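Read the structure below first, then the notes.
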Amino acid sequence: MPKKKRAGAGQKPIPKKKHSAAGKEIPMPKKKLKIGFFSLTCCEGCELAVLDLEERLLKALNYIEIADSRLLLEKPLSKKLDIAFVEGSVISKHDLDSLHSIRERSSFLVALGACATIAGIPGIRNSLPDYLQDKIKRNQIKPMKEKAFPISAFVKVDFLLQGCSINEEEFLTFLNRFLHGKTTRLEQIPVCFECKHRQNSCLLLKGIACLGPVTYAGCNALCPSENAQCIGCRGFTDDANFTALDSLFKEIGLSKEERHNLFTYFNQLPEELKEFAKENSGELPNQLKELAGENPKKKIDLEALK
Amino acid sequence: MQLVRVLNYIIEKESLSKWLESLSQKSTLVVPVENETGATCFEEFNGQSLFLSGRTDFSAKKFFLPTNEKMFFFRKKTLSYGISPNFPKGRLIAFGVRACDTHALNALDHLFIKLLGDDCFYSARRKNSTIIALQCREACSSGFCASMGCSKPTGHDILLAERPSGFIAQAITENGQTLLSAEFFKKTQDPFPEPSLECSKGLSTSGIEENLYANFNHPIWKKEAERCLSCTSCTEACPTCYCYSSSDCFEFGSGDSSRSRERDSCQLLRFSEVAGQHIFRPSRESRLRQFVLHKLSYYKKHFGTHLCVGCGRCIDACPVKIDITEIANKIQGDAKK
Ligand code: SF4
Ligand code: SF4
Ligand code: SF4
Ligand code: SF4
Ligand code: SF4
């Protein structure tokens with residue numbers, strides 16, 4: 001078939017004069033980036049999700065070196081790390097000590113997955129009734145704290161990769177941008193935005209409670225696309241209108257307990273975070289302030305659930 | 001090219017899918033269907049059963065304005081750049097487009113082809129498309145197309161109307177005429193049925209663009225915004241919302257990069273964010289107002305037409321039942337007092 005010329009289409013050589021950088025190597029870090037994976041209390045599913053990248057991870061190994069990982073290495077290859085990816089929540093003294101030492105060793109720390117970013121599944125114990133709390137205490141195998149907390153409660157966290165488990169694409173994009181000297185940021189976009197792009201029928205309209213409107217997008221609306229409610233595994237956006245969603249859940253017919261369980265499936269209620277602050281230093285670390293809705297710019301208000 | 005003499009044809013019910021089958025062999029044919037989640041939308045034809053009993057939940061917009069598309073790329077190895085290799089090619093036929101949606105395409109044409117000086121991606125798709133419109137038999141439950149002057153199709157190539165034994169068809173353009181092959185269509189003397197739609201919702205549009213603008217601080221904005229989830233369901237279901245943002249993407253380590261554009265929505269907090277992290281519309285109230293005013297005030301004031309075709313999708317899609325006609329009618333009513 002004869003090739004037709006289309007205005008603007010096809011490849012054009014870059015005029016050499018104007019672009020003196022043409023032909024030169026794009027400056028990439030001379031040494032490979034040293035990264036490490038660490039697991040606190042969790043299922044280690046997020047690190048597995050990274051391994052799921054398979055060939056693409058191998059390709060990335062041209063630019064990065066995995067210098068610490070319990071799952072992949074016999075012993076750490078380096079003490080200093082450029083990026084530490086930490087999964088899991090802090091629920092024991094052991095977790096806390098590891099976290100502090102990881103922070104000391106690394107220039108950039110990324111919380112990996114729901115347990116690390118929002119306390120996730122381990123955080124369910126935070127709102128359990130007393131008799132269940134006691135049962136946990138009786139059966140525990142190592143000394144535990146009363147509550148599970150996101151790692152931002154204890155150390156400075158530079159970036160969050162959310163989800164249970166994380167989205168591998170997002171992991172790769174983050175790493176790729178980091179290699180190019182670019183930062184990534186959390187976009188205040190709710191799951192509904194992606195859900196609509198997948199042309200799903202809305203669960204809320206069918207009378208099924210869904211946390212899509214208050215939850216960070218990035219999973220491509222995984223659950224609603226399979227006709228399952230979003231349970232908030234990627235954390236709540238700063239822009240969430242909890243009061244309105246809670247009233248809608250009430251209208252749909254959810255009891256107080258059901259609403260509480262849904263909101264706290266993965267996420268923590270602001271008042272519980274505040275309680276934690278009282279037990280500890282009395283002041284909420286900055287990043288927890290956001291989770292607890294204390295940042296005046298980002299009103300998170302769960303009035304109706306109190 | 002518009003045809004001077006419009007003739008009527010009929011096609012039997014049984015022949016419809018054979019006709020569509022033949023259309024889909026030479027072009028990309030999109031048809032209204034119900035998807036696995038129960039939502040009605042347009043998808044590529046593959047012999048599936050059609051959804052013809054009403055307006056779809058989602059319009060065919062994404063085939064003209066994809067939610068995400070690569071625009072151009074740079075390749076380091078070959079030192080080259082160019083427009084996306086996926087630059088739209090080939091003919092697109094959209095079957096079963098309702099009157100409101102033909103007006104919505106018209107509005108997008110106005111913006112992307114006329115005002116933006118021929119956006120090459122949109123216009124490549126649009127100029128290479130054929131619209132087969134389908135007349136509504138009944139008004140839909142949340143639409144108000146009659147109030148917006150959009151209950152008769154515009155800019156289409158073929159018009160179909162359903163009748164008990166099949167469809168009656170009219171080619172409006174030469175392009176449309178070529179698709180009405182004698183194999184499936186017979187000439188008829190029957191008159192084309194005139195639609196008589198009684199929309200259940202209505203909007204009083206006289207002076208609406210000025211009245212809404214003059215009532216920028218009307219209490220209704222705050223009241224409605226209290227319920228609003230800023231979920232973007234309204235803008236993402238709307239057939240005329242066109243906002244997009246663009247972002248750059250790097251291939252892993254190779255120095256190759258590309259720029260793509262993706263859908264954006266004024267209901268999102270970061271939509272109006274500028275350098276220095278200033279956000280022009282931080283409150284939900286101001287974002288909801290932007291949606292309604294863009295549809296029913298600003299666009300008309302600047303460009304002479306409304307950006308709303310009265311399809312009612314934003315009303316149906318909203319989980320908390322915020323209704324653009326209720327808001328606008330309330331302000332219209334108060335303005336007339
Ligand atoms: S199903 Fe859930 S995520 Fe999807 S639009 Fe409805 S509320 Fe949003
Ligand atoms: S839809 Fe909700 S629960 Fe499901 S993966 Fe996405 S954020 Fe997590
Ligand atoms: S669909 Fe309704 S709740 Fe969602 S952003 Fe639009 S008006 Fe607000
Ligand atoms: S604003 Fe609502 S009624 Fe108007 S065109 Fe958009 S979705 Fe349809
Ligand atoms: S500004 Fe909002 S209402 Fe207007 S086109 Fe963009 S998304 Fe739609």
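So the values come out like this:
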{"quantity": "Phi to ³J(HN,Hα) by Karplus 6.51 cos²θ - 1.76 cosθ + 1.60 over the stretch B:216-227, Hz, x for Gly, Pro", "calculated": "4, 10, 4, x, 4, 4, 5, 4, 5, 5, 4, 7"}
{"quantity": "Estimated 222 nm signal from helices in chain B, with DSSP H stretches of n ≥ 4 weighted -39500 (n - 2.57), rounded to 500", "calculated": "-7500 deg cm²/dmol"}
{"quantity": "Protection proxy ranking, peptides B:256-262, A:231-237, A:154-160, average beta carbon neighbours within 10 Å, highest first", "calculated": "A:231-237, A:154-160, B:256-262"}
{"quantity": "Relative contact order for the stretch B:1-118, counting Cα pairs under 8 Å that sit 6 or more residues apart, in percent", "calculated": "22 percent"}
{"quantity": "All aspartates and glutamates inside 19 Å of A:Lys256 as judged from Cα atoms, apart from same-chain residues fewer than 8 positions distant", "calculated": "A:Asp130, A:Asp246, A:Glu271, A:Glu272, A:Asp301, A:Glu303"}
{"quantity": "Shielding of B:217-228 by partner chains, average beta-carbon count, 10 Å", "calculated": "1"}
{"quantity": "Pairwise centroid distance, computed over Cα atoms, of the stretch B:1-61 with the stretch A:76-124, Å", "calculated": "54 Å"}
{"quantity": "Karplus-derived 3J(HN,Hα), 6.51/-1.76/1.60, for each residue of the stretch A:43-55, Hz, glycine and proline x", "calculated": "9, 6, x, 6, 5, 4, 4, 5, 5, 4, 5, 6, 4"}
{"quantity": "Other-chain or far-sequence residues with amide H under 5 Å of B:Ser80's (modelled H)", "calculated": "B:Arg75"}
{"quantity": "In order through the stretch B:169-183: 3J(HN,Hα) via Karplus (6.51 cos²θ - 1.76 cosθ + 1.60), integer Hz, x for Gly, Pro", "calculated": "10, 9, 8, 9, 10, 4, 3, x, 4, 5, 7, 8, 5, 4, 4"}
{"quantity": "Partners for B:Lys89 among aspartates and glutamates (Cα-Cα distance below 17 Å; same-chain residues under 8 apart left out)", "calculated": "B:Glu44, B:Glu69, B:Asp118, B:Asp119"}
{"quantity": "Geometric extent, Cα atoms of the stretch B:138-248 - Rg, Dmax (angstrom)", "calculated": "20.7, 61"}
{"quantity": "Histogram of C-alpha separations across the protein assembly as shown, 10 Å bin width, %", "calculated": "3, 14, 21, 23, 19, 13, 6, 2, 0"}
{"quantity": "Percent antiparallel among DSSP beta bridges (both partners in the protein assembly as shown, rounded to 5)", "calculated": "60 percent"}
{"quantity": "Net charge contributed by nearby residues that have their C-beta within less than 10 Å of B:Leu65 (K/R +1, D/E -1)", "calculated": "+4"}
{"quantity": "Amide hydrogen neighbours beyond the local backbone of B:Leu29, cut-off 5 Å, H modeled", "calculated": "B:Phe45, B:Ile93"}
{"quantity": "B:Asp334 paired with B:Lys186, simple spin-label distance in nm, labels 7 Å along Cα-to-beta-carbon", "calculated": "6.0 nm"}
{"quantity": "Total formal charge among the other residues, if their Cβ is under 13 angstrom from that of B:Val30, Lys/Arg +1 and Asp/Glu -1", "calculated": "+1"}
{"quantity": "The stretch A:169-234-the stretch B:103-141 distance, computed between alpha-carbon centres (Å)", "calculated": "29 Å"}
{"quantity": "Mean-position separation - Cα centroids, the stretch B:264-292 and the stretch A:34-49, in angstrom", "calculated": "36 Å"}
{"quantity": "Expected-Rg normalisation [2.2 N^0.38 Å, Cα atoms] applied to chain B", "calculated": "1.08"}
{"quantity": "Under-5 Å amide H pairs with A:Glu65, H placed in peptide plane, nonlocal only", "calculated": "A:Leu33, A:Lys34, A:Ile35"}
{"quantity": "Cα gyration tensor, the stretch B:208-335 - rounded (a/c under 1.5), prolate or oblate", "calculated": "prolate"}
{"quantity": "Peptides A:99-108, A:248-257 ordered by average Cβ neighbours within 10 Å, highest first", "calculated": "A:99-108, A:248-257"}
{"quantity": "Buried accessible area, chains B and A (both chains, 1.4 Å probe, Å² to nearest 100)", "calculated": "4100 Å²"}
{"quantity": "Peptide B:279-289, shielding by other chains (average Cβ, 10 Å cutoff)", "calculated": "1"}
{"quantity": "For residues of B:230-243, the mean tally of beta carbons on other chains within 10 Å", "calculated": "4"}
{"quantity": "In Å², nearest 10: area of B:Tyr213 left accessible to a 1.4 Å probe", "calculated": "110 Å²"}
{"quantity": "Sum of side-chain charges, B:Glu209 neighbourhood, beta-carbon under 9 Å (Lys, Arg +1; Asp, Glu -1)", "calculated": "+1"}
{"quantity": "B:Thr28 accessible area, 1.4 Å probe, all protein chains in place, Å² to nearest 10", "calculated": "50 Å²"}
{"quantity": "Gained length - B:Glu12 relative to B:Leu197, 0.36 nm times residue gap less alpha-carbon distance", "calculated": "64.1 nm"}
{"quantity": "Chain B: relative contact order in percent, alpha carbon pairs under 8 Å with at least 6 residues between", "calculated": "22 percent"}
{"quantity": "Residue with peak Gaussian network fluctuation, chain B [Cα springs, cutoff 10 Å], from B:Lys300, B:Lys127, B:Lys76", "calculated": "B:Lys76"}
{"quantity": "Cysteines without a disulfide-compatible partner [chain B; Cβ-Cβ under 4.7 Å]", "calculated": "B:Cys41, B:Cys120, B:Cys136, B:Cys140, B:Cys199, B:Cys228, B:Cys243, B:Cys249, B:Cys266, B:Cys308, B:Cys318"}
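The values are calculated or read from the model by the stated rules, or taken from the named source; none is laboratory data. Predicted, not measured: the structure shown is a model, and the values here were computed from it. Glycine gets a Cβ as well: all are built from the backbone with ideal geometry, and neighbour counts include every protein chain shown. The protein model used for the area step is the full one, side chains on, heavy atoms only, and it has no ligands, DNA or RNA in it. Shrake-Rupley method; radii C 1.70, N 1.55, O 1.52, S 1.80 Å.
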